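The values are calculated or read from the model by the stated rules, or taken from the named source; none is laboratory data. Keep in mind that this is a model prediction, so the values were computed, not measured. As a convention, Cβ positions derive from the backbone with ideal geometry for all residues, glycine included, and neighbour counts pool all protein chains shown.
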Amino acid sequence: MKKQLTVLAAGAHPDDIDICCAGTLARYVNEGHKVFISITCKGNAGTLEKSAVEIVKIRQAEAERSAAKIGATLIMLGFGDAELVHDKASLATFIDLVRRTRPDVIITHPREEEDWHNDHMLTRRLIMDASIWATHHNLWVKSEFPPSEVTPSLFYFDMSSSGLRDRPSHYVDITDTFDKKIEALKQHQSQLEFLSGLFGGDPLEGVKLQSRLRGKQCGVEYAEAFQECAVYPRVRPYRVLP
């Protein structure tokens, strides 16, 4: 794909993108494309010991460092954990996000049957709906950005739960950007500690295993897998993933 693309990775929490698709985003950046990372929620519930004010500051700084490792532009939408709802105000925020970034490609959380977290599922639904409505005129949305010209292609990124059920439609070889993915993920130290304390095990090792599994399936060392939302008007007659 020779055209320069704009890519929006929409995740619910500060670490979601790095766990699931940072290697692919790093490849986009390396190939000269523009990448935005939007984070829906502040991560205020992602701690076993700190106050909400403390952890939000920490996770904001971690997200900024992580995006810098990839070479992406970070946008924090500022919703509280478990406070997201699909209503008029939330949809307006996401429509404004799409008009602001004007993506050719959106990457986000998998479908409901492949996920388990309410913030994830609502982020996916809101970004899907917003990317359609962002092209429309005469909406109630107050935005300094005009309606978008194109409905973006959309891909659901991989999670350990989706690996148990769904079969990917696309793979991206991240062998050359795997180290950058891990470095980006390591910036989320507070969340890695929280996940380990809450669920046990080493989250980094889980990410490595998933990347090796997807790599094995497509004949490379490390890969990330995606499921395309293959419906009109999102489908393109050419590949838009790296």
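Within the stretch 195-208, identify whether any single residue is in a loop (DSSP other than H, G, I, E, B) and either touching a Ser or Thr at 6+ places or on another chain (Cβ under 9 Å) or under 23 Å from Ala72 (Cα atoms) (or both), and answer yes or no.
For the stretch 195-208, residues in a loop (DSSP other than H, G, I, E, B) and either touching a Ser or Thr at 6+ places or on another chain (Cβ under 9 Å) or under 23 Å from Ala72 (Cα atoms) (or both): present.
Val220 is checked against (1) within 25 Å of Leu241 (Cα to Cα); (2) without any contact (Cβ under 8 Å) to a residue 60 or more places away in the chain; (3) not in a loop (DSSP other than H, G, I, E, B) and fails just one. What number does that condition carry?
Status for Val220: all satisfied but (3).
If a residue has to be within 13 Å of Leu8 (Cβ to Cβ) and either outside any helix (DSSP H, G or I) or among the acidic types (Asp, Glu) (or both) to count, how many in the stretch 18-37 make the cut?
Final tally of qualifying residues: 5.
Scan the stretch 165-177 and tell me whether some residue there is crowded, with 21+ Cβ neighbours inside 10 Å, part of a helix (DSSP H, G or I), out of contact with any Pro (no Cβ under 7 Å at 6 or more places or on another chain) and modelled with pLDDT of 95 or more.
yes
Report, ordered by the first and then the second residue, all pairs with beta carbons closer than 9 Å, sequence separation of six or more or different chains, a first member in the stretch 101-113 that is farther than 15 Å from Thr24 by Cβ, and a second member that is of a type in the set (Lys, Arg) and not in a strand (DSSP E or B).
Listed by first residue and then by second, the contacts come to Arg111/Arg124; Glu112/Arg124; Glu112/Arg125; Glu113/Arg165.
Going through the stretch 91-131 one residue at a time, which ones are in a helix (DSSP H, G or I) and basic (Lys, Arg)?
Arg99, Arg100, Arg124, Arg125
All but one of (1) under 22 Å from Ile19 (Cβ atoms); (2) exposed (fewer than 13 other Cβ atoms within 10 Å of the Cβ); (3) of a type in the set (Gly, Ala, Ser); (4) without any contact (Cβ under 8 Å) to a residue 12 or more places away in the chain hold for Gly78, so report the exception by its number.
(4)
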